Amino acid sequence: MNHMGDTRCEPATAQQSRPTEEARTLPGDYHVHTTFSDGSGSVTECIERAIAVGLAEIGIADHISPVQPTPWQMPTIPFAELERYVAEVRDAASRYDEITVLLGIEADYLPEHEEHLRTLIDAWPFDYVIGGVHMVDGFDFNDPAMRHHPRWSDTDTLFAAYYETVRRGAEFGGFDIIAHLDYIGLWGHTSGAAVDDAIDTSLDAIAASGAAIELNTDRFSDPAGVMYPSSDLLRAARARGVPLVISSDAHAAEQVGLLWDEALERAAEAGFRGTLRLSDHTMVPLPQVPRRILGEERSS
Ligand SMILES: [Zn+2]
Ligand SMILES: [Zn+2]
């Protein structure tokens, strides 16, 4: 996500959250933003946090747009900074033995710029690419300034266009993870039955592409205060065999791995028995994580 709402979360120091043995197998967090785009934490600070909460792996995935300068409010790593980004994450990866550090990116998916995006992805040695739909037909739906735009008066049409964009993104084939599925609901709108076909078609396309979806835990800064996707969508993805990762979408170091206990419960409730480990593309079982381990960091 990249909306410009506040990013409050309950801070927790490394001392407070030092993991117990049972928490050391928490799945990796592959959706972490740093100061290279719109995050406030450095690469090193985010890695240190991941170690402190007991994550198995971390992937840095700052925003990148295939067209620059962007004519909308999307944050992005400037093209001129990409070399430094790649070098800094790679350097960090070489300095830590206690955690696997991956080089990722969250790419804006814009159907009209697929060629630019393909060139960009191929030009750099990313370990994985997250595809994020933040725009629909040129409409910057996650910009707070667009919150009362007339397009929201026909939510079914807008939601259907969103899922159509997700489908095209999956068929584009360049993504390892599809970000925050159903993010179009961030301002509290819901879709009617008329959108069901578009949802099903997008899920079928994701399943066919082999991409994972994420359970995005960033409900603190989300305007709707929810994790994406909904439980219904999680179950529908599970039924199609779509792999799952859990993602903080952290925009501050202290958000890395936040709410993993709640996310693991939701994943299990939706029928998932494991998550995808990106370093070797292996499914690993969901750990049993008592809420008391990470629950102290929660605000509610
Ligand atoms: Zn993000
Ligand atoms: Zn995003």
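Each reported figure results from applying straightforward, stated rules to the coordinates on display, with no laboratory input. If you're wondering where the values come from, they're calculated on a predicted model, not measured in any experiment. Don't worry about glycine lacking a Cβ; one is built from the backbone with ideal geometry, like all the others, and counts go over all protein chains shown.
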Problem set entry | Highest-fluctuation residue, V101, V245, V86 considered, GNM on the chain with Cα pairs under 10 Å | V86
Seminar exercise, completed: Which residues qualify? For L102, with a placed amide H closer than 5 Å and at least 5 residues away or on another chain, they are I58, G59, I60
Exercise. Of all the C-alpha pairs in region 26-175, what % are more than 19 Å from each other?
Worked result: 56
Exercise. With contacts defined as alpha carbon pairs under 8 Å and 6 or more residues apart, what's the relative contact order of the chain in percent?
Worked result: 22
Seminar exercise, completed: For region 86-103, Karplus-derived ³J(HN,Hα) couplings (6.51, -1.76, 1.60; θ = phi - 60°; whole Hz; x for glycine and proline) come out as 4, 5, 5, 5, 4, 5, 4, 4, 7, 8, 10, 8, 7, 8, 8, 10, 10, 9
Problem set entry | Rounded to whole Hz, the Karplus (6.51, -1.76, 1.60) HN-Hα couplings of region 57-69, x for glycine and proline | 8, 9, x, 7, 9, 6, 5, 9, 10, x, 10, 9, x
Exercise. Which ³J(HN,Hα) values, rounded to whole Hz and listed in residue order, are derived for region 198-206 from phi using the Karplus coefficients 6.51, -1.76 and 1.60 in 6.51 cos²θ - 1.76 cosθ + 1.60 with θ = phi - 60°, glycine and proline given as x?
Worked result: 5, 5, 4, 5, 5, 5, 4, 5, 4
Exercise. Which of these, R266, R168, R147, has the largest mean-square fluctuation under a Gaussian network model of the chain (Cα springs below 10 Å)?
Worked result: R147
For this session: List L258, L278, L233 from most exposed to least, where exposure is judged by having the fewest other Cβ atoms within 10 Å.
Result: L233, L278, L258
Exercise. Do the sum for the chain: with -39,500 (n - 2.57) for every DSSP H run of n ≥ 4, divided by all residues, what is the mean residue ellipticity at 222 nm, to the nearest 500 deg cm²/dmol?
Worked result: -9500 deg cm²/dmol
Problem set entry | Within the chain, percent of DSSP bridges classed antiparallel, to nearest 5 | 20
Exercise. Whose amide H sits under 5 Å from the amide H of S248, counting only residues 5 or more places off or on another chain, with H placed in the peptide plane?
Worked result: Y30, H31, T217, G257
Exercise. Once you put a point 7 Å from the Cα of R235 and another 7 Å from the Cα of E171, both along the Cβ direction, what distance in nm separates them?
Worked result: 2.9
Problem set entry | Long-range amide H partners of I64 with built H, under 5 Å | I77, E106, A107, D108
Exercise. At D137 and Q68, where each label point lies 7 Å from the Cα along Cα→Cβ, what is the point-to-point distance in nanometres?
Worked result: 3.0
For this session: Calculate, in nm to one decimal, what A123 and A224 gain on full extension: separation in residues at 0.36 nm each, minus their alpha carbon distance.
Result: 32.7 nm
For this session: Could you grab the Rg to Rh ratio for region 123-188? Cα atoms only, Kirkwood for Rh.
Result: 1.03
Exercise. Relative to the Cα centre, what is the charge dipole magnitude of region 154-300, using +1 at the beta carbon of each Lys and Arg, -1 at the beta carbon of each Asp and Glu, and rounding to the nearest 20 debye?
Worked result: 460
Seminar exercise, completed: Proxy exposure order for Y109, Y96 (fewest C-beta within 10 Å first) is Y96, Y109
Exercise. Which residue, E265, E83, E254, has the most motion in a Gaussian network model of the chain that connects Cα atoms within less than 10 Å?
Worked result: E83
